[in-house]
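Down below is the structure, laid out as structure tokens.
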Amino acid sequence: MIILGSKSPRRKQLLLECGFEFIVKHFEVDESFPETLKQQEVPLYLSQKKAELYPDSLNDVLLICADTIVCLDEMTINKPADYQEAFTMLKLLSGRMHEVYTGITLRKGNEYRSFYERTEVYFKPLTDHEIKEYITHFNPYDKAGGYGIQDWIGYIGVEKIVGCYYNVMGLPISRLYKELLEFYPESVKSVQHS
């Protein structure tokens with residue numbers, strides 16, 4: 001059995017579309033982290049923290065925990081708390097390249113495997129009108145960086161990416177599949193093809 005320890009609808013969607021059978025069990029974890037961590041270390045640290053603090057027994061169960069962050073230069077951009085914060089974030093990303101890091105921790109019993117994926121995202125310059133339209137008509141508040149690449153803003157605003165597209169959605173599914181084959185090959189036997 002596989003447990004996805006995340007409330008992200010995009011991670012759930014990607015696992016479903018890849019054919020995995022799993023259940024979702026979200027649990028709250030304090031997402032603070034030491035400020036001394038390098039950018040790529042932050043999502044790794046948080047995914048490991050989530051896996052370690054999972055409250056139930058994991059005998060014969062595989063747990064998948066993940067965390068995604070957006071980085072612009074030396075700045076880490078989290079989820080926006082309100083409209084103004086979302087607007088400020090998208091103004092910062094406008095016309096620039098930023099990096100998206102997703103850290104994943106797999107846990108089976110007391111065995112752990114952690115890794116991260118990095119993707120570069122290049123935005124065209126966005127007008128204030130485009131940013132306001134996106135914030136008003138979509139939901140930027142549950143997304144690192146205040147946007148979803150699979151949303152309207154991604155269609156009209158992203159000029160190119162270097163790396164895994166699905167990583168920007170929050171789950172680098174190809175890398176995850178490869179790591180599962182090595183860490184717990186039984187988990188991929190349950191993949192259903194319709």
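Since every read-out is calculated from the coordinates, none of them should be taken as a lab result. Quantities reported herein were computed from a predicted structural model and do not represent experimental measurements. Here Cβ is always computed from backbone atoms with ideal geometry, including for glycine, and neighbour counts include all displayed protein chains.
Summary table below
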read-out	value
Phi to ³J(HN,Hα) by Karplus 6.51 cos²θ - 1.76 cosθ + 1.60 over region 136-145, Hz, x for Gly, Pro	5, 9, 10, 10, x, 7, 10, 10, 4, x
Among 168-175, 89-96, 149-156, the order from most to least packed when residues are scored by Cβ within 10 Å on average	168-175, 89-96, 149-156
GNM top mover of LYS108, LYS12, LYS25 - the chain, alpha-carbon springs below 10 Å	LYS25
Relative contact order of the chain, pairs being alpha-carbon contacts under 8 Å that are 6 or more residues apart, as %	24
Cα long-axis angle, helix 173-183 against the chain (0 to 90 degrees, to the nearest 10)	20
Under Karplus coefficients 6.51, -1.76 and 1.60, residue-wise ³J(HN,Hα) of region 10-22 in Hz, glycine/proline x	6, 5, 4, 4, 5, 5, 4, 5, 7, x, 6, 9, 7
Stokes-Einstein D in µm²/s, Kirkwood radius over Cα pairs - region 1-111 at 20 °C with 1.002 mPa s viscosity	139
